[in-house]
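Quick note: the coordinates plus some simple rules give every number you see, no bench work behind them. Since we're looking at a predicted model, the values are computed, not measured. Cβ placement follows ideal geometry from the backbone for every residue including glycine, while neighbour counts extend to all protein chains displayed.
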Amino acid sequence: MSFEPVSRIDGPIIFNSMRAKLRQVTGIATLTALEASRQPIFLLLTTSVLAFIALLPFLITHVIGDAARIVRDSALATQLVSGLVLGCFAASATIARELRRGTLASILSKPVGRAGFFLAKFAGVALVMLVFTAITTMATMLAVRTAAEAYVFDAWGSGPLLAALFLAYAWAGLTNYLTRRPFVSRTFLLVAIAVTAAFLVSWSVPGPDPETPALPWNILPAGVLLALAMLLLSAFAVSLATRLDMAPTLVACLGILLFGLMSDYLFGRQAHEQWHYALLHGIVPNWQHFWVTDALKSGSIPWRYTGNVALYTAVYAGVVLTGGLWSFNRMEVK
């Protein structure tokens, strides 16, 4: 009598099981991103932010030749605040709403583990927020190009951006009328594609000064840092959305953001003198790591610094998601 090795028998079974779980997580993450992008407020707020950034060079006056810096800082601040609202809304729309409707229990009754469901929800929210940060960063670079020269407006900056928004809505409305496809989610996708196309068009056209790049590439690391901040805020939002509704989640995330922005002032000054201040300074998320626009005055943000912040984000988000998963596993689902 001969026996097959255990590894030969269990190997394909384990591989198929892992592939099935990965397919489930990918499917839930994709549906989460699609569901978030289908919310009208998500599309309206994204469009409003893009239009506001595009119009910033024309709205800000009496800047005494410092328009590019003011436009840049205002646009990046708008990204951060609007990203906080959208991240909390996306998390609440995909988790808290399922809890209220009772659909979460039917999902978890199928062979979908709570850990996979929770992490897939975070992945879906993070995907949408990354798309939002990418297009708003491109919009910021286009707006800064418009205001780069004092008392001169470069039409190849905000011009393609505003045209992209108009064409995206026009095409989405036409296809919705002819094919009856969903308007909101399709418009969000078309806006992302159109803004990317406008960015490429502006990049291909030389600026007023041929010796300088057409677009301010030093803003790119700042956009990456904001994307990392969005991921960490999304981790907090998804973890809190398992217990709170949308309004309390937004208030809690806003408190975390404001408290973290004051971390250096509240704890950092005395961290080297008293251990409990040092402990609090290490525990509270320090959002100043993600907001270093002052470094853009002297050039660009080093990519090495961006990598260190990415490591900080990965560790902190991992801790937050672990706590959220622990809470989610102990929650009674009806």
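I want the local charge near Gly323. Using Cβ-Cβ distances under 13 Å, sum +1 for each Lys or Arg and -1 for each Asp or Glu among the other residues. Each step should come with its number before you reach the end.
On the way: positive: Arg243, Arg330; negative: none.
Neighbour charge sum, excluding Gly323 itself: +2.
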Förster radius 45 Å - calculated FRET efficiency between Trp326 and Leu266, Cβ distance, rounded to 0.05: 0.95
The range 182-196 - phi-based ³J(HN,Hα) in whole Hz, Karplus 6.51/-1.76/1.60, Gly and Pro as x: x, 7, 5, 5, 5, 5, 4, 5, 5, 4, 4, 5, 5, 5, 4
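In deg cm²/dmol, rounded to 500, what helix-only [θ] at 222 nm does the chain give when every DSSP H run of at least 4 residues adds -39500 (n - 2.57) and the total is split over its residues? Let's see the in-between values first.
On the way: 13 runs with 247 residues, N = 334.
Calculated at 222 nm, the ellipticity per residue is -25500 deg cm²/dmol.
Express in nm, to one decimal, how much length is gained between Leu55 and Leu279 on full extension, taking 0.36 nm for each residue of separation and deducting their alpha carbon distance. Walk me through the numbers on the way to the answer.
Working: separation 224, 0.36 × 224 = 80.64 nm, distance 4.36 nm.
Extra length available between Leu55 and Leu279 comes to 76.3 nm.
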Estimated FRET transfer efficiency (Ala163, Glu211; beta-carbon r; R0 22 Å; 0.05): 0.20
